[in-house]
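Here's the structure we're looking at; comments come further down.
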Amino acid sequence: MQIRMRAAGVMLMLAVLGACQTAMPPAPRTSDLSREIVRLDRPGPPARPEGACWESDVTPAVIETVTEQVVVTPETRAGDGQVLTPATYRTDTRTRIVQDREEVWFRAPCPAEYTVDFVASLQRALKARGFYLLPLTGELDAGTRDAVRRYQAERGLDSPRLSLAAARELGLLPTALEEL
């Protein structure tokens, strides 16, 4: 009898706790860093906003190569369908530029922010997400830049230079309230 009363009490407590819970918050979205890219028709970084730091990178040209087999002479067949002479072919290859190489600009953390602690935090944040696999050094070395590039490439910015938006998404820099 006592076991039934305890079980009933536990069930009542679970029902009360279940009623108190609210819906789970939505999972954070992956940002689209390509929206941060600025293309200019003049050299140098964008002029605004005042005091902002900018990084540039060069997007590679995208070249398409098409190779196809072209019939030079068709096959000939006898009346019964037997192939008398096989067809001959040649290979034609053409390339074309799908997208030109260009310089792009994006906001970035200022150089003064790249302290050993900041870079170590960057490495930890990338390691927690599976992008940085090396030991934490606090140095902005080739391994760190490669991890930054792979992290940002998934978000539309294929650059080894850390963007301001990626630094904010990684929790390394504060995000202004109006940007939330």
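The values are calculated or read from the model by the stated rules, or taken from the named source; none is laboratory data. As the structure is a prediction and not an experimental result, all values here were calculated from the model. Glycine gets a Cβ as well: all are built from the backbone with ideal geometry, and neighbour counts include every protein chain shown. Note: areas computed on protein heavy atoms with side chains; ligands, DNA, RNA excluded. Shrake-Rupley method; radii C 1.70, N 1.55, O 1.52, S 1.80 Å.
Odds and ends about this structure:
- The Cys110 and Val62 beta-carbon pair, evaluated with R₀ = 45 Å, returns a calculated FRET efficiency of approximately 0.90.
- Global size of segment 102-180 as Cα Rg and Dmax, reported in angstrom: 12.1, 36
- The accessible surface of segment 67-111, taken with every protein chain in place and a 1.4 Å probe, is 50 percent carbon and sulfur.
- Annotation for Ala47 and Arg150: the two label points, set 7 Å from Cα along the Cα-Cβ direction, are 4.1 nm apart.
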